[in-house]
Amino acid sequence: MLGLPKSTEVSLPLYKKDILANFEGTSKQKELFNDDIASLKITNELSTRSLPVEPSKTINGIFIIEVVPKYQEIHQEAIEMIFRLIPQHIVVVLHYNDLIRLGIHQSKTFMTEWMQIGYTLNIEGLSIDDIWKHIVESIGNFQVSDGRTLEKQIEHDSEIQAILLKIEKLEAKKRNTKTPRMKYELHQQIQALTSQLEELKRN
């Protein structure tokens, strides 16, 4: 799967009842998980056992998990539950008919758009840590700047997205406001956020 080396291939079914056995969530969450997901299977293991790479102090291995959903658009909560229920470094591959969608969790969950089967996930790096970093960047569609850790880059980008969302909401409010004084106040708030955004982008 994903054009990964033959040496990484495994075939290990994951049974929903086993995954949910120690789940402390609500019965509604369990029902959602069962209703949205048909099956799960580990298809690849990226580790020092399967690749000639340096080990990691924090990552035992990276597991590719094929998830067959019952519907193309399943609830985001069901996807988030997979990452919570399987406490490993995993890449989720939603596989629906002839389409796939990749997901990964590092500080937050990143998802690609739906793609045709045949997509290749490139492995880059001389260590498990490097490979994980590159996969997160690839699925998250961003790049870690020099001098930043993966976590700091995600935090930085999240701050930018949060400010952009605030500006968007304020601009919508400004368009719908008829009072000149309120328009001016909203304009001032937008200007302040824009300056903050520009400062973040420079750093």
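The values are calculated or read from the model by the stated rules, or taken from the named source; none is laboratory data. No experiment lies behind these values; they were computed from the predicted model shown. Backbone-built Cβ (ideal geometry, glycine too); neighbour counts: all protein chains shown. For the accessible areas, the whole protein counts, side chains as well, though only heavy atoms, and no ligand, DNA or RNA atoms are used. Shrake-Rupley method; radii C 1.70, N 1.55, O 1.52, S 1.80 Å.
Applying a threshold of 23 Å to the alpha-carbon distances of Lys57/Lys152; Lys57/Lys133; Lys30/Lys57; Lys16/Lys152; Lys108/Lys201 flags Lys30/Lys57; Lys16/Lys152 as lying beyond it. The local environment of Tyr119, defined by Cβ-Cβ distances under 15 Å, has a net charge of -2 under the rule Lys, Arg +1 and Asp, Glu -1. Note that segment 46-203 presents 60 Å² accessible area per residue, ligands and nucleic acids not counted, probe 1.4 Å.
Derived value for the chain: Kirkwood hydrodynamic radius 19.5 Å. Basis is the mean of 1/r over every pair of different alpha-carbon atoms. Charged side chains reduced to their Cβ positions (Lys and Arg at +1, Asp and Glu at -1) give segment 137-183 a dipole of some 800 debye around its Cα centre. For the chain, a simple Cβ point-charge model (Lys and Arg +1, Asp and Glu -1, everything else neutral) yields a dipole of about 780 debye relative to the Cα centre.
Cross-link partners of Lys183 among aspartates and glutamates, defined as those whose alpha carbon lies under 13 angstrom from its own and excluding same-chain residues fewer than eight positions apart: Glu171.
Note on Lys57 and Glu198: the model spin-label points, each 7 Å out from Cα along the C-beta direction, lie 4.2 nm apart.
Share of the chain's accessible area from carbon and sulfur, percent, 1.4 Å? Taking all protein chains in place, the chain shows 49 percent carbon and sulfur surface.
The residues packed around Val53, meaning those with a beta-carbon under 12 Å from its beta-carbon, carry a net charge of -3 if Lys and Arg are +1 and Asp and Glu are -1. Of the options Gln106, Ile131, Leu197, report the single residue whose Cα projects farthest towards the positive end of the charge dipole of segment 94-203 (beta-carbon charges: Lys, Arg +1; Asp, Glu -1). Value: Leu197. Within the shell defined by Cβ-Cβ distances under 12 Å, the residues around Thr179 carry a net charge of +4, with Lys and Arg each +1 and Asp and Glu each -1. Once you have a ≥ b ≥ c as the square roots of the Cα gyration tensor eigenvalues for segment 79-192, tell me rounded if a/c is under 1.5, and otherwise prolate or oblate according to whether a/b is larger than b/c. Here segment 79-192 falls in the prolate category. Dimensions of segment 1-96 based on its C-alpha atoms, expressed as ranges along the principal axes with the largest first, amount to 44, 28, 20 Å. Here is how the number arises for the chain: DSSP H runs of 4 or more residues each give -39500 (n - 2.57), the sum is divided by the residue count, and the result at 222 nm is -13500 deg cm²/dmol. Here the dipole of segment 1-112 is about 200 debye; that uses its Cα centre as origin and unit charges on the Cβ of Lys and Arg (positive) and Asp and Glu (negative). Evaluate E = 1/(1 + (r/R0)^6) for Gln161 and Gln88, where r is the Cβ-Cβ distance and R0 equals 30 Å; express this FRET efficiency to the nearest 0.05. E between Gln161 and Gln88, to the nearest 0.05, is 0.65.
Taking the DSSP beta bridges with both ends in the chain, the antiparallel portion is around 75 percent. Computed over protein heavy atoms with a 1.4 angstrom probe, the accessible surface ordering of Met111, Met182, largest first, is Met182, Met111. Using a Gaussian network model of the chain with C-alpha springs under 10 Å, which one of Tyr184, Tyr15, Tyr119 is most mobile by mean-square fluctuation? In the Gaussian network model the winner is Tyr184.
Ligands, DNA and RNA excluded, the heavy atoms of Val144 present near 20 Å² of accessible surface to a 1.4 Å solvent probe.
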